Amino acid sequence: MQDEDKWLTSLSAEDYRICRQKGTERAFTGQYWNTKDDGTYVCKCCGEALFDSDTKYDSGSGWPSFYQPLQDDNIRYETDSTLGMQRIEVMCDKCGCHLGHVFEDGPQPTGKRYCINSASLKLVDKK
């Protein structure tokens, strides 16, 4: 089975659009935008650990926001020039899942805002 076939059968149509076709969910609609539960946010596609709930904060954007990834080498960065603006896209380094974008307007200690689609994540409880 090719990777594309795997994603088509293992993800919902909406998750596929966001994760594999670089889509986005509407603000304030995703499962995790307002979640305060403790845990590790992993990639919905491959399970790679991406963000810790301790770094999640309310950015007011309507998407889950984090000020740093668990490990920087678990995230891939690419320039995104769509929509007439220059942004930095963030993806899971392991499988290429589109996560969202990172901006330079976040809180300290990093000053970063990783603005991530809920559809790209799964929250695993801390045990």
Rounded to the nearest 0.05, FRET efficiency between residue 126 and residue 72 (Cβ-Cβ, R0 25 Å) equals 0.75
Extension length gain for residue 79 and residue 29 (0.36 nm per residue less Cα distance), in nm, is 15.4 nm
So, with points 7 Å from each Cα along the Cβ direction, the residue 87-residue 12 label distance in nm works out to 2.1
Cβ-Cβ cut-off under 15 Å around residue 97, Lys and Arg +1, Asp and Glu -1: the net charge is -2
From DSSP H assignment alone, runs of 4+ in the chain each adding -39500 (n - 2.57), the sum over residues rounded to the nearest 500 puts [θ] at 222 nm at -3000 deg cm²/dmol
Placing each pseudo-label 7 Å from Cα in the direction of the beta carbon, residue 4 and residue 52 end up separated by a distance in nanometres of 3.9
If every Lys and Arg gets +1 and every Asp and Glu gets -1 at its Cβ, then about the Cα centre the chain yields a dipole, in debye to the nearest 20, of 200
Cross-link reach from residue 122 to aspartates and glutamates, straight Cα distance under 14 Å and at least 8 residues apart if same chain, gives 15, 37, 38, 48, 52
Sorted on mean Cβ neighbours within 10 Å (highest first), peptides 95-103, 59-67, 16-24, 32-40 come out as 95-103, 59-67, 16-24, 32-40
The relative contact order of the chain, taking Cα pairs under 8 Å that sit 6 or more residues apart, comes to a percentage of 28
With a 20 Å threshold on alpha-carbon distance, the violating pairs from 44/112; 56/94; 22/126; 6/44; 6/56; 94/126 are 44/112; 56/94; 22/126; 6/56; 94/126
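Every number here is computed from the coordinates shown, using simple stated rules; none is lab data. These figures come from a predicted structure and were not determined experimentally. Note that we place each Cβ from the backbone using ideal geometry, even for glycine, and neighbour counts take in every protein chain shown.
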